[in-house]
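Visitor: Dropping the structure in here first, questions after.
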Amino acid sequence: MCKPPIPGVSKTRLATVLGQDHAARLAAAFLADSAALARQLATREAAALTGFFTPPDAGAAMAAMLPGWALEAQSGGDLGARMGHAIGRIFAAGATRALLLGTDAPTLPPALLELLLAALSSGADAALIPALDGGYCAIAVARPLPALLEDMPWSTPALLDATRARATREGLRLDVLQAWHDVDEAEDLALLRLTLDGAALPGCSPLPGFRANATRGALDG
């Protein structure tokens, strides 16, 4: 799930401390590193890669940033509707499982993503990596599960608990892995720098984070 980096539009909360241009450069780096992370996992799993982008007219920009990827515009609706559409398209293309990843956690440990898929192999209907802010960084599903995505409190600290409750109500096995952090607010930059330095963060998985070379360069710049 992605969008092109645009000054004044991308990472507006980071832009309040970094400036619009630097925030957009970071957004581009986050996208590049998240794509590299996804490509690494896809190579291991012999899986296809699709970039679901917004806005709808961003196809050319995304093709330049994600060479070799299949690309498709996101649907309308809230985030849950757009995620549900993306998952549906993945399964319609013949996949037997789907992993959905954003671009706000460029240092996600590769091994943590592998554990998401391992959870599905062990019988979970869905598995997710929670974020420290109460949401989640990535989700994997064994089949389309719109019930986990409809009418949810997106972009709030209540998302993870609401998702757990919905899974229980629907009789679904939802495996919740160890947490990681995403980067939305200015204070998240300190966590990002610590992760890039190899520090273990309280509440986060001890697995080694992705090296995120593009993000390192953008921060240094």
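The values are calculated or read from the model by the stated rules, or taken from the named source; none is laboratory data. This structure is a prediction, so every number in the text was calculated from the model and none was measured. Cβ sites come from the backbone with ideal geometry, for glycine too, and all protein chains shown count toward neighbours.
Visitor: Are any of the residues in region 166-174 in contact (Cβ under 8 Å) with a residue 40 or more places away in the chain and of a type in the set (Val, Ile, Thr)?
Guide: no
Visitor: Same structure again: Residues in region 150-157: is at least one surrounded by 15 or more Cβ atoms within 10 Å (Cβ to Cβ) and either assigned to a helix (DSSP H, G or I) or among the β-branched types (Val, Ile, Thr) (or both)?
Guide: Checking region 150-157: not a single residue is surrounded by 15 or more Cβ atoms within 10 Å (Cβ to Cβ) and either assigned to a helix (DSSP H, G or I) or among the β-branched types (Val, Ile, Thr) (or both).
Visitor: With the requirement that a residue be surrounded by fewer than 21 Cβ atoms within 10 Å (Cβ to Cβ) and under 16 Å from the mean Cα position of the chain (by Cα), what does region 11-41 give you?
Guide: If the condition is that a residue be surrounded by fewer than 21 Cβ atoms within 10 Å (Cβ to Cβ) and under 16 Å from the mean Cα position of the chain (by Cα), then 28, 36, 39, 40, 41 are the ones that fit.
Visitor: Something else now. If a residue must be surrounded by 16 or more Cβ atoms within 10 Å (Cβ to Cβ), under 23 Å from residue 149 (Cα atoms) and either modelled with pLDDT under 95 or of a type in the set (Gly, Ala, Ser) (or both), how many such residues does region 42-79 contain?
Guide: Number of matching residues: 3.
Visitor: Also, quick follow-up: Let me confirm something: among 192, 172, 160, which residue is within 19 Å of the chain's Cα centre (by Cα), modelled with pLDDT of 95 or more and within 20 Å of residue 99 (Cα to Cα)? Give the steps one after another, and end with the answer.
Guide: Numbers: 192 fails: within 20 Å of residue 99 (Cα to Cα); 172 fails: within 19 Å of the chain's Cα centre (by Cα).
Checking each option against the conditions leaves just 160.
Visitor: What residue, of 24, 98, 15, is touching a residue at least 40 places away in the same chain (Cβ under 8 Å) and of a type in the set (A, V, I, L, M)?
Guide: Going through 24, 98, 15 in turn, just one is touching a residue at least 40 places away in the same chain (Cβ under 8 Å) and of a type in the set (A, V, I, L, M): 98.
Visitor: Now a separate question. In region 158-190, which residues are in a strand (DSSP E or B) and out of contact with any helix residue (DSSP H, G or I) (no Cβ under 6 Å at 6 or more places or on another chain)?
Guide: Scanning region 158-190 gives 176, 179, 180.
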